[in-house]
Amino acid sequence: MSDEPKSETRVADAQPKPRPRRIDLLGQVAFAIYVVIGGVFVFGFGRSLGSAVQTQNDTPCRSLAPRHARVRGKVLDESGQPVPGAEVVPMESGRASVATRTERDGSFTVFLPKRSQRLVARAPGRTTMETVLQLAPAEALEVEFRLAKEGSPSSFSELSRAVFEAPDFVAKDLQGNEVRLSDFRGKLVVLNFWATWCEPCITEWPQLAQLGERLADRDDVVVLAVSVEEDPAAIAPFLERMSLADARVTVLWDPTASVNKQYGSEKIPDTYFVDPQGLVSEIFVNVREWGSPDAYHCVESSAGR
């Protein structure tokens, strides 16, 4: 036998050569479709989530039926003359609300919820005019209706639209000190207009006092009850009789008895939420149960926005 070593086979030479990679066109198309469909679902989910968050923010105040926009305007005839006594009817969710009659100069003020709302103006012997308004929170609009004689077309014009800034004012507390609304900038102000001779106000006041009591520990909310009395001497005895002298509510007197009209309030009680930036965010026309849990949650939610 030969002692010569046997030749060894190289491992590298035994391995197969790699094949060139081919583009999987079908796989790429499938992946692209997956990305597109996934993006559509994510985008749709994001939009629905945003809508759900907005709805959740609105829910705490819904039972109190808030308004979010003030609409002021005039009803005129075709020649531009006022139509006093014309009816302006808000249509909310397809239902007619309480009609407002125009003043001698044809003017009116109504408050409406946000989003799409209808407004109708009508008068005897004239063609009824209906319009659709797209409303956002904290808006103030100026509009004009022109009601033509029956059989001729009437018209509507939107004259201006702006944010509803709360008019600043000076009132006096029960010690005679001057207080400004702007002193409370940075806080949510629950601004209530009332009077001792107003029966609905008498019904609402204990509820307002309960709300003030529940909010006593918060430093980001203040409850102001502004009386439009002609004689401020009537306020303190009224509160004493109602056992409300110690209420956690800042009671003020408006010497001009006209501040509420700057806001558009004609019939008291009316309550306005003024947000920390000084905008009117919610409007509550007439009596509300401010002592209820729903009212507290509404205020709490509004303060947290």
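Test each condition in (1) surrounded by fewer than 20 Cβ atoms within 10 Å (Cβ to Cβ); (2) in contact (Cβ under 8 Å) with a residue 40 or more places away in the chain; (3) on the phi < 0 side of the Ramachandran plot; (4) not β-branched (V, I, T) for G278 and report the one that comes out false.
(3)
Quick grid of which residues meet (1) in contact with a helix residue (DSSP H, G or I) (Cβ under 9 Å, 6 or more places away or on another chain); (2) without any contact (Cβ under 8 Å) to a residue 12 or more places away in the chain; (3) assigned to a strand (DSSP E or B):
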{"site": "V88", "(1), (2), (3)": "no, no, yes"}
{"site": "M91", "(1), (2), (3)": "no, no, yes"}
{"site": "V98", "(1), (2), (3)": "no, yes, no"}
{"site": "Q117", "(1), (2), (3)": "no, no, yes"}
{"site": "V120", "(1), (2), (3)": "no, no, yes"}
{"site": "P124", "(1), (2), (3)": "no, yes, no"}
{"site": "E130", "(1), (2), (3)": "no, no, yes"}
{"site": "G151", "(1), (2), (3)": "no, no, no"}
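In this structure, does E229 turn out to be more than 19 Å from A171 (Cβ to Cβ) and not hydrophobic (A, V, I, L, M, F, W, C)? It would help to see each step written out before you state the result.
Working: more than 19 Å from A171 (Cβ to Cβ): no; not hydrophobic (A, V, I, L, M, F, W, C): yes.
In short, no.
Looking for whichever is under 27 Å from F284 (Cα atoms), polar (S, T, N, Q), assigned by TED's automatic domain parsing to the domain that holds K149 and at pLDDT below 95 here; the options are S63, S116, S51. Which one fits? Steps first, please.
Details: S63 fails: assigned by TED's automatic domain parsing to the domain that holds K149; S51 fails: assigned by TED's automatic domain parsing to the domain that holds K149.
So the residue among S63, S116, S51 that is under 27 Å from F284 (Cα atoms), polar (S, T, N, Q), assigned by TED's automatic domain parsing to the domain that holds K149 and at pLDDT below 95 is S116.
Just the residues that are crowded, with 17+ Cβ neighbours inside 10 Å and either under 16 Å from the mean Cα position of the chain (by Cα) or closer than 19 Å to L112 by Cβ (or both), please, taken from the range 281-291.
S281, E282, I283, F284, V285, R288
Kindly indicate the residue of the range 70-86 that is crowded, with 17+ Cβ neighbours inside 10 Å and not basic (K, R) and also nearest to the chain's Cα centre (by Cα) among those meeting that condition.
So, considering only residues that are crowded, with 17+ Cβ neighbours inside 10 Å and not basic (K, R), the one nearest to the chain's Cα centre (by Cα) is V71.
Quick one: would you say A245 is under 19 Å from E178 (Cα atoms), of a type in the set (G, A, S), surrounded by 13 or more Cβ atoms within 10 Å (Cβ to Cβ) and out of contact with any Lys or Arg (no Cβ under 7 Å at 6 or more places or on another chain)? Explain how you work it out, then say what you get.
Values: under 19 Å from E178 (Cα atoms): no; of a type in the set (G, A, S): yes; surrounded by 13 or more Cβ atoms within 10 Å (Cβ to Cβ): yes; out of contact with any Lys or Arg (no Cβ under 7 Å at 6 or more places or on another chain): yes.
No; evaluated as a whole, the condition is false for this residue.
Would you pick out the residues in the range 194-226 that are over 23 Å from F169 (Cβ atoms), under 24 Å from the mean Cα position of the chain (by Cα) and not in a helix (DSSP H, G or I)?
Residues of the range 194-226 over 23 Å from F169 (Cβ atoms): 199, 202-203, 206-207, 210, 213-214, 216-218.
If we keep only those that are under 24 Å from the mean Cα position of the chain (by Cα) as well, we get 207, 210, 214, 218.
R218, the sole residue that qualifies.
Do the conditions hold for A216, that is, is it buried (at least 20 other Cβ atoms within 10 Å of the Cβ) and either closer than 16 Å to R248 by Cβ or in contact with a Phe, Trp or Tyr (Cβ under 8 Å, 6 or more places away or on another chain) (or both)?
Numbers: buried (at least 20 other Cβ atoms within 10 Å of the Cβ): no; either closer than 16 Å to R248 by Cβ or in contact with a Phe, Trp or Tyr (Cβ under 8 Å, 6 or more places away or on another chain) (or both): yes.
It is false that A216 is buried (at least 20 other Cβ atoms within 10 Å of the Cβ) and either closer than 16 Å to R248 by Cβ or in contact with a Phe, Trp or Tyr (Cβ under 8 Å, 6 or more places away or on another chain) (or both).
For every residue, the table says whether it meets (1) in the same structural domain as K187 (by TED's automatic domain parsing); (2) modelled with pLDDT of 95 or more; (3) in a strand (DSSP E or B).
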| position | (1), (2), (3) |
| --- | --- |
| E230 | yes, no, no |
| A257 | yes, no, no |
| P276 | yes, yes, no |
| F284 | yes, yes, yes |
| W290 | yes, yes, no |
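Among the residues of the range 138-170, how many are over 17 Å from R67 (Cβ atoms) and among the hydrophobic types (A, V, I, L, M, F, W, C)?
7
Taking the range 157-196 as the search range and keeping residues that are among the hydrophobic types (A, V, I, L, M, F, W, C) and exposed (fewer than 14 other Cβ atoms within 10 Å of the Cβ), which one is farthest from N260 (Cα to Cα)? Even if it seems obvious, please write down each step before you answer.
Going residue by residue through the range 157-196, those that are among the hydrophobic types (A, V, I, L, M, F, W, C) are 159, 162-164, 166, 169-171, 174, 179, 181, 184, 188-191, 193-195.
From the residues that got through so far, the ones that are exposed (fewer than 14 other Cβ atoms within 10 Å of the Cβ) too are 159, 162-163.
On the way: L159: 23, A162: 19, V163: 18 Å.
In this case the residue turns out to be L159.
The values are calculated or read from the model by the stated rules, or taken from the named source; none is laboratory data. Note that the structure is predicted; figures quoted are calculated from it, not measured. Cβ: placed from backbone, ideal geometry, glycine included. Neighbour counts: every protein chain shown.
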